[in-house]
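Below you'll find the structure, written out as structure tokens, and then a few comments.
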Amino acid sequence: MSIRILSEQLVHQIAAGEVIERPASVVKELLENSLDAGARRVEIEIEEGGVRLCRVRDDGCGIERDELLLALTRHATSKIATIADLEAVGTLGFRGEALPSIASVSRMRLVSRSASMANGHAVTAENGTFTDPIPAPHPQGTTVEVRDLFFNVPARRKFLRSERTESQHLVRTVERLALSRFDVAWTLMAGRRRLADYPAADSESERTDRIGRVLGEDFAASALYVEHQGAGCALAGWLGLPTHARAQADMQYLYLNGRMVRDRLLAAAIRQAYDDVLYHGRQPAYVLFLAMDPARVDVNAHPAKLEVRFREPRQVRDFIFHSVSRALEATRPRVLGGGVDGAGAMRASGPIARDFWPARGAGQNDLGLGVAEAQMEPWRAPAANRTVGSGASTPVAESASAPLGHAIAQLHGVYILTQTATGLILVDMHAAHERTTYERMKAALREAESIPAQQLLVPAMVTLSATDAELAEQHAEMLAKAGLEIARSGPTGVAVRAVPAWLPAADHATLLRDVLADLRDTGTSRRTEEAIEQVLGTMACHGAVRANRQLTIPEMDALLREMERSVRSDQCVHGRPTWAFVSMAELDRLFLRGR
Ligand code: ADP
Ligand code: MG
């Protein structure tokens, strides 16, 4: 075949292949144009899952009559003009490709009226043929109608799924965009059916409401609010509690300068911050907004602009990691004052979170985070014993110095029972002790570069496999930092010379074997700090009180007070809750003690 220049229409269709996959991608592009045009209200209508019709109407700035056809021309954009503009681009679009691409694979009608015009005008496009603008009534703003998607690209049409599936994709697209702009009102209609409806959310409670509609009420009621600035970046948003984690990464919303991104570097930084409080393989839920100078990030790395490139990836990663870690430290028992929170209500939210939820409605769960979330987990107690309805709180304020109350007994050698001003708390003693020991060790490590160790009078000789002995020798320096001093004493022998001061009673041989097993599993790929944390976790588990160990009341109280001081103490190191609260009201209900 001889070389020839492709027709304009075919060029557009090829470009469409990159970004227009299904009705949801059409709507995403149209909605981004509406946002770039300054719209405050966007209405979307669809028919047959968007395949027959996608119509997006906005109240943005509109398009001048003489520019209507230009908008359908490839590489025509009002958003950038120079390379400098591109490098600092703040709009969602800039490639000038979406409208011509969509027009080449559908029947399109574009109606618009700008502020300077007395009435609107319409143009149409079909199979590369365009009509000149004709007057058409329209308020200020723009409507784009896309009919019969892929009618002229049969191969693409075959990949479209059922009406239901395509509609779900459309709903997800609108949800993602709705979280990026709380100030904009959104509706999505399929005939008379309202698939999505988000009124403009200007107040905190309206924003919480929108978050709840997209991520669920539980998430909205319990999430930690984070707000942090540094390294030229600002991060704000909601972090799901560790106990709210999911099997899939399907509730992770991350926005960079208002644009939803799916960036591996950032997602990994967030996941890592959760490492300490999450089960292996569980995925956190979050809605986070990262803002930074647009010149420090390249959004032109991907046609759909989902992936981005940072100029200083390391700096951004560390900023995200530290902001999220710090916020998660706030998951510990606390007492809130009276007022709107309800007297004596306990929650583990940090100070910002408290300010951020000023109007929690009656009937919402007002317990500590670990408890509220535990309701969704398999290890929960029967739900009836957990829920707290409105009016559950009593006017007695909890002693601010002892939110976890005072120990009254130990149950089956596993749980500590405590009495609080408003009810009963159950503490999983091993899980709680494990967490507090772990946090204490980490704090010591941060301060002194190593965990205080206690020398053994007689070194304990441990026999290992040759590979394990090798591994131990290899990691001797790191283990010494963690308070475990060892020396190789033959091909299969290792002498334990000192153990962490907090675990003098531990079984040295088992401790060393467990630590080595961890190192074997995680390999040497992890950074030293991570390896040490892992080792500390194993040690904390060894050092923590075992089931059936009788504790005295002062010992139990000491553990409660330590939990209150310790960061992250709402969850054990595996992400399970460490304590649960049952209110007097619930107990009364159990015994049918009415008012
Ligand atoms: P891009 O968004 O990359 O500029 P598009 O092909 O999506 O490219 O849109 C082309 C141009 O049409 C935009 O730059 C903008 O000037 C105009 N336009 C598109 N949609 C709208 C809208 N809803 N309101 C106002 N102007 C619009
Ligand atoms: Mg665009």
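Reachable lysines from residue 481, Cα under 18 Å, same-chain residues fewer than 8 places away excluded?
Qualifying lysines at Cα under 18 Å: 442.
Quick one: putting +1 on the C-beta of Lys and Arg, -1 on the C-beta of Asp and Glu, what dipole do you get for segment 265-306 around its Cα centre, in Debye to the nearest 20?
Working: 4 positive and 4 negative charges, 27 e Å.
Using only the charged Cβ atoms, the result is roughly 120 debye.
Using the Cα atoms of the chain to build a convex hull, what is its mean projected area in square nanometres? Could you put the intermediate results ahead of the total?
Working: hull surface 143.2 nm².
Orientation-averaged projected area of the Cα hull: 35.8 nm².
Round to the nearest 10 and give me the degree value, 0 to 90, for the angle of helix 264-274's Cα axis relative to the longest principal axis of the chain.
Helix 264-274 and the main axis of the chain meet at about 30 degrees.
Mind ordering 553-564, 186-197, 16-27 by average Cβ neighbours within 10 Å, highest first? Let's see the in-between values first.
Numbers: 553-564: 16.9, 186-197: 15.0, 16-27: 22.0.
Highest to lowest by the protection proxy: 16-27, 553-564, 186-197.
So how tilted is helix 528-543 from the main axis of the chain? Cα-based, degrees 0 to 90, rounded to 10.
Once rounded, one gets 50 degrees.
Whole percent per 5 Å bin, from 0 to the bin with the longest distance: what is P(r) over all C-alpha pairs of segment 151-243?
Whole-percent P(r) values from 0 Å outward: 3, 11, 17, 18, 16, 13, 9, 6, 5, 3, 0.
Please report the relative contact order for segment 8-193, taking Cα pairs under 8 Å with a sequence separation of at least 6, and give it as a percent rounded to a whole number. If you can, show how the numbers build up before the last one.
On the way: 379 pairs, mean separation 54.1, N = 186.
Once normalised by length, the contact order is 29 percent.
So how strong a dipole does segment 1-95 carry about its Cα centre when Lys and Arg Cβ are +1 and Asp and Glu Cβ are -1, to the nearest 20 debye?
Details: 12 positive and 17 negative charges, 36 e Å.
The dipole of segment 1-95 has a size of about 180 debye.
Excluding same-chain residues fewer than 8 positions from residue 79, which lysines have a Cα within less than 23 Å of its Cα?
Result set, ordered by chain and number: 28, 305.
How fast does segment 8-193 diffuse by Stokes-Einstein, in µm²/s, taking the Kirkwood radius from C-alpha pairs at 20 °C and 1.002 mPa s? Show your work: numbers first, answer last.
Numbers: Rh = 16.6 Å.
Answer from the Stokes-Einstein relation: 129 µm²/s.
Please compute the alpha carbon radius of gyration of segment 432-557, then divide it by the globular-protein estimate 2.2 N^0.38 Å. Two decimals is fine.
Numbers: Rg = 14.5 Å, N = 126, 2.2 N^0.38 = 13.8 Å.
Cα Rg divided by the expected 2.2 N^0.38 Å: 1.05.
Cα atoms only, segment 1-79: Rg and Dmax in Å?
15.1, 52
Of the peptides 224-231, 96-103, how do they stack up when ordered by the mean number of other Cβ atoms within 10 Å, highest first?
On the way: 224-231: 17.4, 96-103: 23.4.
In decreasing order of mean packing, 224-231, 96-103 become 96-103, 224-231.
Roughly how many debye, to the nearest 20, is the charge dipole of the chain about its Cα centre, given +1 on each Lys and Arg Cβ, -1 on each Asp and Glu Cβ, and no other charges?
Numbers: 70 positive and 74 negative charges, 200 e Å.
It comes to approximately 960 debye.
Treating the angle as unsigned and between 0 and 90°, give the value, to the nearest 10°, between the Cα long axis of helix 553-565 and the longest Cα principal axis of the chain.
30
No lab work stands behind these numbers, since they all come straight from the coordinates. Because the structure is predicted, anything quoted here is derived from the model rather than measured. Don't worry about glycine lacking a Cβ; one is built from the backbone with ideal geometry, like all the others, and counts go over all protein chains shown.
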